[in-house]
1. If the requirement is being within 15 Å of Leu374 (Cβ to Cβ) and either in contact with a strand residue (DSSP E or B) (Cβ under 9 Å, 6 or more places away or on another chain) or not β-branched (Val, Ile, Thr) (or both), which of these qualifies: Thr308, Thr267, Thr300?
2. When only residues in region 152-192 that are more than 14 Å from Pro138 (Cβ to Cβ), over 18 Å from the mean Cα position of the chain (by Cα) and in a loop (DSSP other than H, G, I, E, B) count, which is farthest from the ligand (Cβ to nearest atom)?
3. Is it true that some residue in region 226-238 is more than 10 Å from the ligand (Cβ to nearest atom), free of Cβ contacts under 8 Å to residues at least 12 places away in the same chain, over 30 Å from Gly380 (Cα atoms) and open to solvent by 10 Å² or more (accessible area, probe 1.4 Å)?
4. Give me the pairs, please: first residue somewhere in region 246-261 and farther than 21 Å from Tyr440 by Cα and assigned by TED's automatic domain parsing to the domain that holds Val303, second residue anywhere and open to solvent by 20 Å² or more (accessible area, probe 1.4 Å) and among the acidic types (Asp, Glu), beta-carbon distance under 7 Å, and either six or more positions apart or on two chains.
5. Quick one: which residue in Ile198, Ile208 is more than 7 Å from the ligand (Cβ to nearest atom), under 17 Å from Ile42 (Cα atoms) and either touching a Ser or Thr at 6+ places or on another chain (Cβ under 8 Å) or not β-branched (Val, Ile, Thr) (or both)?
6. When you check Phe150 against the structure, is it over 22 Å from Arg47 (Cα atoms), in the same structural domain as Leu70 (by TED's automatic domain parsing) and surrounded by fewer than 22 Cβ atoms within 10 Å (Cβ to Cβ), yes or no?
7. Being touching a residue at least 12 places away in the same chain (Cβ under 8 Å) and in the same structural domain as Val254 (by TED's automatic domain parsing) narrows it down to one of Asn428, Asn388, so name that one.
8. Test Val242 against the criterion of being surrounded by 24 or more Cβ atoms within 10 Å (Cβ to Cβ) and among the aliphatic types (A, V, I, L, M), and give yes or no.
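The values are calculated or read from the model by the stated rules, or taken from the named source; none is laboratory data. Given the structure is predicted, the values throughout are model-derived calculations rather than measurements. A quick note on method: Cβ atoms are made from the backbone with ideal geometry, for glycine too, and the neighbour counts reach across all protein chains shown. In case anyone asks, the SASA skips ligands and DNA or RNA and just uses the protein heavy atoms, side chains included. Shrake-Rupley method; radii C 1.70, N 1.55, O 1.52, S 1.80 Å.
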Amino acid sequence: MKMYINGNWTSGASEMDVVNPYTGQPFETVPLAALEDVERAIDSASRGVVAMRALSAFDRYEILMRAVDLLKERRQDLGETITREEGKVISEGLLEVDRCIQTITWSAEEAKRLYGETIPLDAAPGNEMKFGFTVRVPVGIVVAISPFNFPLNLVAHKVGPAIAAGNAVVIKPASDTPLSALKLTEVLLDAGLPAEAIQCLTGSGAAIGDALVSNPAVRKVTFTGSQEIGERITHTAGLKKVTMELGSNSPLIVLPDADMEKVVAATVQSGYSNAGQVCISTQRAIVDKSVYADYLDALTPVVESLSTGDPMKDAVNVGPMVRESDAERVENWIQEAVGAGAKLVTGGIREGAVVRPAVLADVKQDMRFSRDELFGPAVGVTPVSGINEAIKFANDTRFGLSAAIFTENIDDALKFALEVDSGNLNINGGTQFRADLMPYGGLKDSGMGKEGPRYAVEEMTELKMVIVHRS
Ligand code: NAP
């Protein structure tokens, strides 16, 4: 496919392959954008800003709702594209398209809700003749940089609100998975978005990222990806609004009164979907000693029953990781944990880019497995004594994106919600829950700012204060 700049589908000076993670074979190419392409895209987006200003909120709503209709029509192709370029199983690929449809629908609705408010200036002494109100306006150009693991819906979470708010947007999708973003761009153009209001630059973030985020015409950078790149962008962007949706190593606490069947189902769904490559995957199961053996006994056969293999086949539960090198990394981390005293209960065997879903027991807090983000199909299990130690362990991380607890005790559940430092707190549900309308974003090194169309629109607009000095 070509990239989309300056109102045209464009080739670059060179190309890169898009590789199917399961077969390891290239099946498509996209251009490698160069620095001149960044300049052209941002110049064009500046004209896109003017074109967007000419649209009413209702126009923006209608464009996004037409995009929803087209997404529904193209659901199968988009789902297969996601699976082919990212490697998640086809049921998850199609689910991602359905979620994208919801994300764009909610974004369309937010186009109608850009409210200001009147400010009672006469409440300040001596201001009886002042009248004030606020207006919410688009920032201008939004740069949207996305990761590989949800190549459609995480682009939609940036592009939908950007358009709803009246901005022009420059997308830089992950190099592993550029096709879904290009197809979403096609959908939006077919839905009637002004040509220069959207640009989609494919190519290496390391080569063009600094130029994109440091450009002074850009007023907002919204990034989803790793903590390392997020930190770099935050420094390089300078005085701009930034949203950072970064990684995590989410904890799931199991207390003695937990419903074990529910806990196991939640651990499997939250630990192994998309081969564990989800920012809110359960990585650390923190289990009360009194039910530690029961938990492992109940979890292990269910994990062993997960089938791995070709993600296009309906019967397969867990597909490949995005790159073989990532599968090797996961294999190494598991071996390192075992070397340091953890016990491999099941899985962890690698074939190409596919890693058998793994359960590690007796994982210690100081192991890399507990400290960093694994982003792979393995759950580490650690025994604790009681709620206080469980919360202490859950918080013993630099991340804070999602956490879960299983208990029937309301006091323990509330203590967890109040004391665990995390953006999402799930009570009797797994860490991997996201409804696309909810405010979503991490604490600590998991990032800053929130996504979810209503919240992203706020982050992609400026509030202006108007003061009428009456006489
Ligand atoms: P990544 O390596 O950080 O890449 C993310 C994006 O940043 C890609 O488009 C990448 O382009 C680009 N990039 C690389 N270097 C750049 C630079 N110097 N300047 C600007 N952009 C640059 O992350 P990933 O491996 O794709 O995704 C996995 C990470 O995303 C995990 O840490 C995961 O937890 C996190 N994540 C967070 C959320 C959330 O909502 N909090 C959701 C999903 C994923 P290239 O591909 O060309 O390198």
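1. Working: Thr308 fails: within 15 Å of Leu374 (Cβ to Cβ); Thr300 fails: within 15 Å of Leu374 (Cβ to Cβ).
Only one candidate qualifies: Thr267.
2. Taking the candidates together, the pick is Gly192.
3. Scanning region 226-238 turns up at least one residue that is more than 10 Å from the ligand (Cβ to nearest atom), free of Cβ contacts under 8 Å to residues at least 12 places away in the same chain, over 30 Å from Gly380 (Cα atoms) and open to solvent by 10 Å² or more (accessible area, probe 1.4 Å).
4. Matching pairs, first to second residue: Leu255/Asp412; Asp257/Glu408; Met260/Asp294.
5. Details: Ile208 fails: either touching a Ser or Thr at 6+ places or on another chain (Cβ under 8 Å) or not β-branched (Val, Ile, Thr) (or both).
Being more than 7 Å from the ligand (Cβ to nearest atom), under 17 Å from Ile42 (Cα atoms) and either touching a Ser or Thr at 6+ places or on another chain (Cβ under 8 Å) or not β-branched (Val, Ile, Thr) (or both) holds for just one of Ile198, Ile208, which is Ile198.
6. no
7. Details: Asn388 fails: touching a residue at least 12 places away in the same chain (Cβ under 8 Å).
Asn428 is the lone residue from the list that is touching a residue at least 12 places away in the same chain (Cβ under 8 Å) and in the same structural domain as Val254 (by TED's automatic domain parsing).
8. Answer is no for this residue.
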